[in-house]
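Undergrad: Have a look at this one before I ask anything.
All of the numbers you see were taken from the coordinates with simple rules; none came from a lab. Just so it is clear, the structure is predicted and the values come from calculations on it, not from any experiment. Cβ sites come from the backbone with ideal geometry, for glycine too, and all protein chains shown count toward neighbours.
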Amino acid sequence: MNLSIRKISAIFELKIQSMFTNMSIMVAPILSIGFVLLMKIAMPSAVATGAYLLGMGLSFNNIMGGIMMGSYPLSEEKEKNTLRVLMTSSVSSVEFIIGSILPSLLITVIINIVLIPIAGVPVGKIDWPIYLLYTTVTALISIIIGYVIGIYSNSQMQAGNLSMPIMLLFTLTPMFQSFNKTIENIMSFTYPGMLNDFVLHSMTNNYNINFKDVSVLVIWLIVCLGIFIYAYSKNGLDSE
Amino acid sequence: MNQQTVISVEHLSKHFKEQVALKDLSFSIKRGEIFGFLGPSGAGKTTTIKILTGQMKQSGGNASVLNTSVNKINENIYEQIGIVTHNSGLYDKLSVYKNLEIFARLLNVNKSYINEILTRVGLFNDKNKKAGKLSQGMRQRLILARAVLHKPKVLFLDEPTSGLDPSTQIAIHKLITELRDEGTAVFLTTHNMEEADKLCDQLALLNDGKIVETGTPREIRLNHNKKKRYKVLLKNNEELTLSQSVETTQKINWWMESNELVTIHSCEPTLETVFLEVTGRELV
């Protein structure tokens, strides 16, 4: 398989422009910053700790934002009848997917970094390699889930309807896991729960990279990739 | 395959479960030729384009485009073919120029050619306008400009002027004939018999997935001109339709000699009439 850097970079540029002109795609990253700022101002600092705020911001941006950035652009291309045009313009599916995923991942990673000072977490407290690794892999998992939703959606509205239950479940449940032991146990086997655990523990300086967390991430990544490959092989990106 | 032949179709068929969409189609298209596929909605025109451009698998028969079997088409062939379908989309939030620039990069076309093609389709002065702000006719011209940006060897046009105003239709017809003259083979589907008659070098009439007549537009019309008739207008405003006969010849001679004849037209059938005669249905 020959991949063309020229074609991937053209798709990358197109997607960056499309994202910045589509508010429904950018709503999650903007919301994540907005909510963190709002909670910081509105809630007492004893409750809205830096770890809590960062965990919430990451949930919005990495989970909700990732899923939206995967599903919305793909379904928008279908809705506007541009995906078929691209796919009949000498772009391979792999070039399209790489060129489309990279901008979503880049925006998500930048917001993940920006959220640290906004949440009031001292930059020195962050174990950067692990933080970047975990947040990037979880963002990638969310984007892949978004792509699966995008494959089965023909419009942004349909993508929104299909995404909503998954986004709510993955975004909101980690915030409540500290109130219920069973939920906490279940969530520790999910990538949003694992991400939330990591943030809370790393702020108290007692987080060490461990087999369980890495396994959770790797298994989620492999399973989501498998589902994506299955959905793609059954339907293509723009099946009729 | 002849060196000049760019599309070759042999006994092509397609069915969707029980429904037969295409039946035993055979035809070929040469370089620098406009081949028209004339038929009513649902006749199988779009299905044929989808098979020829590798977007759909045929159920039977063979077809090749630029010496590549349609079963082996991959993304590389799109560097040599252009496609305009009736629902080709544009990036509405991007400018006219930007819409073409993206595809220029994808298709490795020099950016300087973008302005040239925009001038050619009459959109140069609108190049900074958002594509979403364009009229239907301007959108269609932009879509056509995008399809020919890389100077394709084969251009597939699926109802390119459907629903457009006459002046846009004329502009698009002009561009299509220019491309033909430059050597591009054009596969044009339409249900507009005037468009087919005016543009096409070769025609195939398609009905219920089957080719019912082929030839040049003139050949098709003349082959079905079995009852030769002439329509005349005389000085006294009398309008007559006369069948071919010795008597008619004498009458016409007499009117011409006495300067009574104002106009005279032969009454060969239109493509629409031929289609109706051959299939029993109209080109709707």
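Undergrad: Hey, what did chain A get for relative contact order, percent, Cα under 8 Å, at least 6 apart?
TA: 26 percent
Undergrad: Follow-up question, since we're still on this one. Can you give the Rg/Rh ratio of segment B:32-168, where Rg is from the C-alpha atoms and Rh is the Kirkwood radius?
TA: 0.98
Undergrad: For the protein assembly as shown, give the magnitude of the charge dipole about the Cα centre (Cβ charges: +1 Lys/Arg, -1 Asp/Glu; no others), in debye to the nearest 20.
TA: The calculated dipole for the protein assembly as shown is roughly 660 debye.
Undergrad: What percent does the relative contact order of segment B:226-267 come to when contacts are Cα pairs within less than 8 Å and at least six residues apart?
TA: Once divided by the residue count of segment B:226-267, the mean separation gives 52 percent.
Undergrad: Can you tell me the alpha carbon radius of gyration of segment B:226-267 divided by the globular rule-of-thumb value 2.2 N^0.38 Å?
TA: 1.07
Undergrad: A further question follows. Which peptide among A:197-204, A:175-182 comes first, and what is the full order, when sorted by highest mean count of other Cβ atoms within 10 Å?
TA: Top of the packing list down: A:197-204, A:175-182.
Undergrad: Give the dimensionless ratio obtained when the Cα radius of gyration of chain A is divided by 2.2 N^0.38 Å.
TA: On the way: Rg = 18.0 Å, N = 240, 2.2 N^0.38 = 17.7 Å.
Taking the Cα Rg and dividing by 2.2 N^0.38 Å, one obtains 1.02.
Undergrad: Along the principal axes of its C-alpha atoms, what lengths does chain B span, in descending order and rounded to whole Å?
TA: Answer, in whole Å and largest first: 68, 48, 35 Å.
Undergrad: So which residue, out of B:Lys153, B:Lys50, B:Lys226, gets the largest mean-square fluctuation from a GNM of chain B using Cα contacts under 10 Å as springs?
TA: B:Lys226
Undergrad: What do the square roots of 5 times the Cα gyration tensor eigenvalues come to for segment B:100-153, in whole Å, largest first, as semi-axes of the equivalent ellipsoid? Don't skip to the answer; put the middle values down first.
TA: Working: eigenvalues 65, 25, 21 Å².
They are 18, 11, 10 Å, listed largest first.
Undergrad: Going by how many other Cβ atoms sit within 10 Å of their own, how do B:Arg141, B:Arg105 line up, fewest first?
TA: Lowest count first: B:Arg105, B:Arg141.
Undergrad: Now for a different question. Which one of B:Gln80, B:Leu157, B:Thr168 is farthest out on the positive end of the charge dipole of chain B, using unit charges on Cβ (Lys, Arg +1; Asp, Glu -1) and the Cα centre as origin?
TA: Final value for the positive-end residue is B:Gln80.
Undergrad: Count, for each residue of B:88-99, the Cβ atoms from other chains sitting within 10 Å of its Cβ, then give me the mean as a whole number.
TA: Rounded to a whole number, the mean comes out at 4.
Undergrad: Round to a whole angstrom and tell me the spacing of the C-alpha centers of segment B:73-141 and segment B:19-46.
TA: Answer, in whole Å: 26.
Undergrad: Moving to a separate point now. Can you tell me which of B:Ala185, B:Ala21, B:Ala204 moves the most in a GNM of chain B? Springs connect C-alpha atoms under 10 Å apart.
TA: B:Ala21
Undergrad: Grab the alpha carbons of the protein assembly as shown, take their convex hull, and tell me the volume per residue in Å³.
TA: Numbers: hull volume 103.9 nm³, N = 524.
Per residue, the Cα convex hull of the protein assembly as shown comes to 198 Å³.
Undergrad: Among B:Leu22, A:Ser71, B:Thr241, which residue has its Cα positioned farthest towards the positive end of the charge dipole of the protein assembly as shown, with +1 placed on the Cβ of Lys and Arg, -1 on the Cβ of Asp and Glu, and the dipole taken about the Cα centre?
TA: Toward the positive end, the furthest listed residue is A:Ser71.
Undergrad: Please sort through the DSSP H helices of chain A and keep those with an alpha-carbon extent of at least 24 Å along the long axis and a Kyte-Doolittle average not below 1.6.
TA: Span-like helices, by this rule, are A:23-42, A:93-118, A:128-151.
Undergrad: Follow-up question, since we're still on this one. I'd like the distance separating the alpha-carbon centroids of segment A:116-153 and segment B:185-237, in whole Å.
TA: Here the answer is 63 Å between Cα centres.
Undergrad: Using the basic label-point model (7 angstrom from Cα toward the beta carbon), what is the A:Ile41 to A:Asn22 distance in nanometres?
TA: 3.0 nm
Undergrad: A follow-up question, please. Consider a paramagnetic label point 7 Å from the Cα of B:Ser112 along Cα→Cβ; state which residues of segment B:145-161 have an amide N under 17 Å from it.
TA: B:150-151
Undergrad: Kindly put A:Phe170, B:Phe27 in sequence by how many other C-beta atoms sit within 10 Å of each C-beta, fewest to most.
TA: On the way: A:Phe170 25, B:Phe27 18.
Least crowded to most crowded, the residues run B:Phe27, A:Phe170.
Undergrad: Could you check which residue among A:Tyr147, A:Tyr230, A:Tyr191 shows the biggest mean-square fluctuation in a GNM of chain A with a 10 Å Cα cutoff?
TA: Maximum among the listed residues: A:Tyr230.
Undergrad: If you don't mind, another one. First obtain the Kirkwood hydrodynamic radius of segment A:156-240 from its Cα pairs, then insert it into the Stokes-Einstein equation at 25 °C and 0.890 mPa s, and state the resulting D in µm² per second as a whole number.
TA: After rounding, the answer is 165 µm²/s.
Undergrad: While we're looking at this one, here's another question. What translational diffusion coefficient, in µm²/s and rounded to a whole number, does the Stokes-Einstein relation yield for segment B:1-55 at 20 °C and a viscosity of 1.002 mPa s, taking the hydrodynamic radius as the Kirkwood radius over Cα pairs?
TA: It diffuses with D of about 174 µm²/s by this estimate.
Undergrad: For B:Arg31 and A:His201, what is the calculated FRET efficiency with R₀ set at 56 Å and r taken between the beta-carbons, to the nearest 0.05?
TA: Step by step, r from the Cβ atoms, then E = 0.20.
Undergrad: While we're on this one: Rounded to the nearest 0.05, what FRET efficiency do A:Leu3 and A:Ile229 have when you use their Cβ-Cβ distance and R0 = 22 Å? Walk me through the numbers on the way to the answer.
TA: Working: r = 17 Å, r/R0 = 0.79.
So, using R0 = 22 Å, E works out to roughly 0.80.
Undergrad: Dividing the convex hull volume of the alpha carbon atoms of segment A:1-122 by its residue count, what do you get in Å³ per residue?
TA: Details: hull volume 12.7 nm³, N = 122.
Residue-normalised Cα hull volume stands at 104 Å³.
Undergrad: In the P(r) worked out for segment B:24-85, what percent of Cα pairs fall beyond 17 Å?
TA: 42 percent
Undergrad: I'd like the distance between the alpha-carbon centres of segment A:164-180 and segment A:47-91, rounded to an integer number of Å.
TA: 18 Å
Undergrad: What distance in nm lies between label points placed 7 Å from Cα along the C-beta direction at B:Glu238 and B:Ser41?
TA: Reported label-point gap for B:Glu238 and B:Ser41 is 4.6 nm.
Undergrad: A further question follows. Taking the Cα centre as origin and putting +1 on Lys and Arg beta-carbons and -1 on Asp and Glu beta-carbons, what dipole magnitude results for segment A:52-160, to the nearest 20 debye?
TA: Once rounded to the nearest 20, the dipole reads 60 debye.
Undergrad: Using Cα-Cα distances under 8 Å and only pairs 6 or more residues apart, what relative contact order does segment B:112-247 have, in percent? Could the numbers behind the result be given before it?
TA: Details: 119 pairs, mean separation 20.0, N = 136.
It comes to 15 percent, rounded to a whole number.
Undergrad: If I take all pairs of Cα atoms in segment B:209-284, what percentage of them are more than 13 Å from each other?
TA: 71 percent
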